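Have a look at the structure below before the remarks.
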Amino acid sequence: MAKSKSKEKLDFSNQLSQAIVRGMQEKKAQDIVVLDLRRVRNAVADYFVICSGSSDKQLEAISDSIDEEVSRALRENPWHTEGKNNKEWMLLDYINVVAHVFRKDKRQFYALEQLWGDAEITEIKS
């Protein structure tokens, strides 16, 4: 039974990451990647989904679109959000999956893809 619960959690995490990607794509997010952290020791989530936007308005639109798509598809709300005021790095934390919406320059500065270099990285085509 424990295996079944674990598989359900992973399936839900995968569905959640896909819904986040759809929300990002809806508002023309750039450079979308999914970091699969499930095999990374001491990872804080199953997946990170990362994208870039080019303006404050686009970052806010992407964040809102993620929230709407996840709510519509899976009836989930973020457990925690950050960055809605400064609009440089917005984070929507769904516990097992975390969405990161960056301004391009801030994404390069924080370099999450390099920080979590052991993760399997999937680039999403536009």
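For the structure I just gave you, tell me whether Ile20 is modelled with pLDDT of 95 or more and part of a helix (DSSP H, G or I). So Ile20 fits the description; yes.
Only one of the listed residues (Glu68, Glu82) is of a type outside the set (Gly, Ala, Ser) and in contact (Cβ under 8 Å) with a residue 40 or more places away in the chain. That residue is Glu68. Residues considered: Leu35, Leu112, Leu59. Of these, the only one that is within 20 Å of Ser13 (Cα to Cα), buried (at least 18 other Cβ atoms within 10 Å of the Cβ) and in contact (Cβ under 8 Å) with a residue 12 or more places away in the chain is Leu35.
Residues in region 39-56 that are surrounded by fewer than 12 Cβ atoms within 10 Å (Cβ to Cβ), closer than 20 Å to Trp116 by Cβ and not basic (Lys, Arg): 1 in all.
Of the strands (runs of 3 or more DSSP E) lying entirely inside region 58-117, those containing at least 3 residues that are in contact with a Ser or Thr (Cβ under 6 Å, 6 or more places away or on another chain) span 97-103.
The values are calculated or read from the model by the stated rules, or taken from the named source; none is laboratory data. None of these values were measured; they are calculated from a predicted model. Methodologically, a virtual Cβ is constructed for each residue, glycine included, from the backbone with ideal geometry; neighbour enumeration extends over all protein chains shown.
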